Amino acid sequence: MTYWLQVVVATPAHSAIAGPLTYRSELPLSPGTLVRVPLGKREVLGVVWAALPDSGELAPEQAKNVASVLEGLAPLNATWRQLVTFGAGYYQRSLGEVALAALPPQLRDLSTLQLARRLKRPVRDTSHPEDARNLIALSAQQTRAMAEFEAENAAGRRPALLFGATGSGKTEVYLRAAARVLAQDPGAQVLVMVPEINLTPQLQARFEARFAHLGKERVVPLHSGLTPAQRLKSWLAAHAGQARLVLGTRMAVLASMPRLRLIVVDEEHDPSYKQQEGARYSARDLAVYRAKLESSPEYAGGAQFSAGPPPNPPAGAAEPALPGHQRSVPSDGSEPHEATSVGGESSPSPPTGAAEPALPGRRRSAPLGGSEPHAVGRVGAITCRVMLGSATPSLESWQATLVGRYQRLNMEERIGDDSALPVVRRVDMNHQPKHSVIAPPLLDAIAQRVARGEQSLIFLNRRGYAPVLACHDCGWKSECPHCSAYRVFHKIDRTLRCHHCGFTERVPRACPSCGNIDIAPVGRGTERLEEHLAELLAGVLRPEGDAVRIARIDADTTRLKGALESQLASVHAGEVDVLVGTQMIAKGHDFRHITLVAAINPDGALFSSDFRAPERLFSLLMQAAGRAGRDARHSAASEMWVQTFHPEHPLFEALKRHDYPAFAARQLAERQAAGMSPFGFSALVRAEARTQEVAQGFLNAAAEAAQILQIEAHEHVTPYPAVPMTIQRVANIERAQMLVESPSRAALQRFLAAWQPTLFATRQQGEFKSLIRWAIDVDPLAI
C-alpha cells in the first residue's frame, strides 16, 4: 500500500522550497519520524511532518520514495514540532531550516545501519543512593525564593524571574528546583541553559557533583563546542529520556526532551541567547514559550497538528494566553486580542500563512489532507516551569514582572553573614595625568592587593595589542582592504588581523604609503594592557618575595582546546595575581580570591547610537563587579574601580549604589517615550550585495512596493529608509539594513508575513539580481 507523507528538509532560508515536500512511502510513518529522502541529486535527512490522503497537486508519478527510515529512534513528539513551527513562523524562517538545524549535524550523515550500531552501545548505570549529608543549608532568602516558586506551581505557573545579586546563591536555587522536579517524577528532565560555552564546564561539574546519585551519564552537556560525536551522544541521551539533566547554550532550547519539566535560563539578560546567523531566534524567549507548550492540562505527548495554515478563530474569541500575556488594543480600533509573550513582550500567534502551534487546551486543526487529530497518552496534568535568573535582568523581563506577567523572586543580598557587595569607586580621568592608562590611585590599590596575596581582575573589552596601527606622518592607518574596519595589531605574532573577515598580514616594516619606519600602535587592547601592567608593577613583590604574576584571558589566548579550562584552573589555584581579560571572564565565574575589579575604558557605550548600549554596559559592569569579594572573608575589602571621563553619569550613579531597579526605571521611561522595546516592536531587514546601491535599492524598492500593494497591516507599520550597516563592508560584501517598527507586535508579524512574497518578487527584478542575500531579524538586539 502507498502512503503519502509531508517531509520537511533543510532548505536555504529564501529558496523556493519553504514548506514540507510530498513523498511516497511503503509503510505508514508517524509524524516526527526521521527519514532519509532524495532531494535533487542528494539524499538528505528529513522529518515526517504529517500524513496525506493523496499526493495533492503533485502528480503521483512525480513523487519520490522515502529512501530509508532511521529506525530505533522514537519520533520527535508533537510539542517539539509545535515549538519548531512557532519558531519558524515568528522569526520568518523556513520550517525545514529551523527543524533540521535543531538536530545534531552527525545525524544527517549516519546511515540507518550506522545509527543502529550506535544505539546498541550499552549505557552504564552508575547510579547509587543519594547522600543528603553534603547539602548546604539554604539562606533565608533562598528558602523564601524556593517557597514562592513552589507556591506558583499551584497557581498561575507564570515564568519566574530570579532577581539575585551576584554571589546571592542563584545556582543553589537552580539545583534545589531541579532536585525537586527530578524527585517528584522519576522520568522528568531538566534543561539548564547558560549564555556561553566557557561557563558550561564549571556548571556541569557542580550539577554532576550534586546529582552523582543519578549516574554520570544522566547529566550531559549540549553546545557547539562539543565534537560531532559528543554532540550526537548527548542529543540521543536527551531524546531517549536517558539524560535527566541537559546543560547547554542557546541551541539546547530546541533539543528533543520528551519529559521536560523545568527550564532554567541563567544570566537571562545576556545577548548571547540571541542567534545572529541563520534563524535569528532568542533562546530565552523560546524557553518561555516552550515551557507553556510542555504544560498541558490534559495530554502527555500532545496531539497531532497541522503543518499548514490554521483556521481563523471565531470573531470576538480571545486567543489562549501564554505566560506573560497582555491584552492589547490594535491601533485600528478593533476588539482587543490576547497576545502571547515572547521575552516579556506581547506576541501574536504566527502570521497568516505560517504554521501555528496548537496551544494547550485548544483543539488543533486537522493535518493537511483532512485526517482527524488524535490525542496520545492521557495521563493527567503536566507542568513545565521556566526560571530566568539574573542580577541585571533584561528590561523586557523586568517590565514583565512590574505588570505581573512574570513572577519575581528577590535575592538581593550575598550569601554569608559578613558578605557585602563591593564598594564602587569612580576615578575621574579628567583629573589624572594626561595619557595615563591606569590611574595612579588604581595602580596603588592593585599593588596593595598583590602585596597581601589577593587577586585583581582588570577588565577591557577589546582584545589584541592595539585596535589600529598608524603613521603620524601621512595619516595611513591599518585599514582592512576587504572591510570598512581597521585591522587590529597583535604584537605576540607581529600581525595585523581583521576581526571581521579574518584577513591577516605581517606588520609592515615601514608605512606602505610614505615609507616612514616610525609607525606606531594607537589605542589599547588586552595584550597591550597586560604588557603595560607588567611594566608598572615590576617593582611590586608578592608576600613570598617573588615577582607579580599577570595572566590574560581572551579569545586569542583560548583558541586551543582545553586552554580556557587550564587558565581558569590557574586562577582558582591562586597562581595568578592580576588577571587581564575581556567580557568572557567578567561574568558567571566564581573567583574566590579576587578582591578588586577594574573597568579601564567603559565610556564608549554611554553615547552609542544603539539604544540598548547603556543596558548592556550596566549589566556588564555589574557582572564584572560581582567577581570581587565572592568569598565572605574578603567581601568587606572588595572594590570595583571604574575609570571614566563622565563620573556623574546616571548609569555610574546607579552602579555605585548597585541599584538596578533605579537604572531600569530610568531606561524604561526613556524607551516608553520613544516607543522602543518593550513598548514597541521592531524588525530589521538586512541585504547584502556587491554595491551599496543594489543593497539599499532592493530594500527601498520592496518597501515602496508594500505601500503600493497595500500589504496587510502596512498602515500600522513604519519602514524607515535603508541605510548602511555600522560596518557596511565585510569580506568585500556591502551590507545595508532597513528598520521596520510598529506599536503592535501582531501588526508587525502580519506585515512581515505578507511582505515576504514582495521581497521575493523584488529580488527577481533585473536591477537586483546581483543581490547576494537578504534576511529578516525579528526583535533585533543591535540596530
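The values are calculated or read from the model by the stated rules, or taken from the named source; none is laboratory data. If you're wondering where the values come from, they're calculated on a predicted model, not measured in any experiment. Positions of Cβ are backbone-derived with ideal geometry, glycine not excepted, and every protein chain shown enters the neighbour counts. Heavy atoms of the whole protein, side chains included, go into the accessibility calculation; ligands, DNA and RNA do not. Shrake-Rupley method; radii C 1.70, N 1.55, O 1.52, S 1.80 Å.
Of K170/K274; K274/K561; K120/K170; K292/K656; K233/K561; K477/K561, which sit over 29 Å apart, Cα to Cα? Beyond 29 Å between Cα atoms: K120/K170; K292/K656; K477/K561. The loop-placed trypsin sites (Lys or Arg not before Pro) in region 631-708, going by DSSP, that have at most 16 neighbouring Cβ atoms within 10 Å of their Cβ come out as R633, R657, R690.
Global dimensions of region 507-623 from alpha-carbon coordinates: Rg and Dmax equal 17.7, 52 Å.
Would you mind estimating how fast region 1-98 diffuses translationally, via Stokes-Einstein at 10 °C and 1.306 mPa s with the Kirkwood radius over Cα pairs, in µm²/s? Kindly include the intermediate steps, with their values, before the conclusion.
On the way: Rh = 13.7 Å.
Rounded, D is 116 µm²/s.
Computed over protein heavy atoms with a 1.4 Å probe, the accessible surface of the chain works out to 42 Å² per residue.
Restrict the search to region 9-80; then list the trypsin sites (Lys or Arg not before Pro) that DSSP places in a loop and that have at most 10 other Cβ atoms within 10 Å of their Cβ. The partial results should precede the final answer.
On the way: sites: R24, R36, K41, R42, K64; in loops: K41.
In loop regions of region 9-80 (DSSP not H, G, I, E or B), the sparsely surrounded trypsin sites (Lys or Arg not before Pro) are K41.
Between the helical axis of 283-294 and the longest alpha-carbon principal axis of the chain there is an angle of about 40 degrees.
Compared with the dominant Cα axis of the chain, that is its longest principal axis, helix 692-708 is turned about 50°.
At 222 nm, what value in deg cm²/dmol follows for the chain if DSSP H runs of at least 4 each add -39500 (n - 2.57) and the sum is divided by all its residues, to the nearest 500?
Helix-only estimate at 222 nm: -8500 deg cm²/dmol.
A Cα-only calculation for region 666-783 places Rg and Dmax at 14.6, 49 Å. Summing charges over all other residues whose Cβ lies under 15 Å from the Cβ of P719, with Lys and Arg as +1 and Asp and Glu as -1, gives -3. Principal-axis analysis of the Cα atoms of the chain puts helix 563-572 at an angle of about 50° to the longest axis.
Beyond 47 Å, what share of the Cα-Cα pairs of the chain is found? Please give it as a whole percent. Before the final figure, lay out the partial values.
Details: 72021 of 306153 pairs.
Value for the chain: 24 percent of Cα pairs lie more than 47 Å apart.
By accessible area, using a 1.4 Å probe on protein heavy atoms only, the chain has 52% of its surface on carbon and sulfur.
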